[in-house]
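Heads up: the structure comes next, in structure tokens.
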Amino acid sequence: MAWTDEMVDQLREMWKQGLTTGEIGKRLGVSKNSIVGKVHRLGLSGRPSPIKKKDETEAPAEKKEATENVAKATKPKVEKAPVPKTPKVEKKAEEKVEVEEKIEISAPAPHHHNGKTSLTDLDNHTCRWPIGDPKDENFHFCGRKVRIGQTYCDEHANIAYVKAVKK
């Protein structure tokens, strides 16, 4: 949206009057966020938030003193109990779990360009596992057959989707 000089002057005047950003936006026919952004870019002075309660606008010294007085009046005296010693616990030897991993390699699908599957060769039935650096001219995709609904062949799915192991 383009701000005219007239709109900027009206914004400055309404800002000085203390109108909310929403009200200024309605009068100028722009969003509240447009007003907030323009006020920021113009460097207009900030104003207290209309959301804050009146007691939050008290002088900080008065507020601190009032808070301390309330805290003193309501704070009960508590005696500290002695801290019991915690018994020593022996550590158990960690249990090791061996996981047998089976990797099945599916037969490669017919490749298209010099034995390499390019991005345009991919379809719902080919493995999308990237091979090499995308900046390199030899970059290609696996291209093997995949199971229905899968993105990768069995070999690359075993690499991509690692199952959680009990410790």
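The values are calculated or read from the model by the stated rules, or taken from the named source; none is laboratory data. Predicted model, so just to flag it, every value in this text is computed and none were measured. Backbone-built Cβ (ideal geometry, glycine too); neighbour counts: all protein chains shown. To get the accessible areas, we keep the full protein, side chains included, count just its heavy atoms, and leave off ligands, DNA and RNA. Shrake-Rupley method; radii C 1.70, N 1.55, O 1.52, S 1.80 Å.
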Near pairs, Cβ below 9 angstrom, 6+ apart or cross-chain, from segment 22-40 (among the polar types (S, T, N, Q)) to any residue that is open to solvent by 30 Å² or more (accessible area, probe 1.4 Å) | SER31/MET1; SER34/MET1; SER34/TRP3
Could you tell me which residue of segment 130-153 is modelled with the lowest pLDDT, considering only residues that are part of a loop (DSSP other than H, G, I, E, B) and among the hydrophobic types (A, V, I, L, M, F, W, C)?
-> ILE148
Criterion violated by HIS156 - all others in (1) assigned to a loop (DSSP other than H, G, I, E, B); (2) surrounded by 20 or more Cβ atoms within 10 Å (Cβ to Cβ) satisfied = (1)
Residues of segment 115-129 being loosely packed, with under 13 Cβ neighbours inside 10 Å and either of a type in the set (Ser, Thr, Tyr) or not in a helix (DSSP H, G or I) (or both), in sequence order, are GLY115, THR120, ASP123, ASN124
Kindly indicate which of VAL99, VAL162 is modelled with pLDDT under 65, surrounded by fewer than 10 Cβ atoms within 10 Å (Cβ to Cβ) and out of contact with any Phe, Trp or Tyr (no Cβ under 6 Å at 6 or more places or on another chain).
-> VAL99
Which pairs have Cβ atoms under 8 Å, sit 6 or more apart or on different chains, and link a residue in segment 1-18 that is under 12 Å from LYS38 (Cα atoms) and open to solvent by 50 Å² or more (accessible area, probe 1.4 Å) to one that is at pLDDT below 90 and assigned to a loop (DSSP other than H, G, I, E, B)?
-> ARG12/LEU44
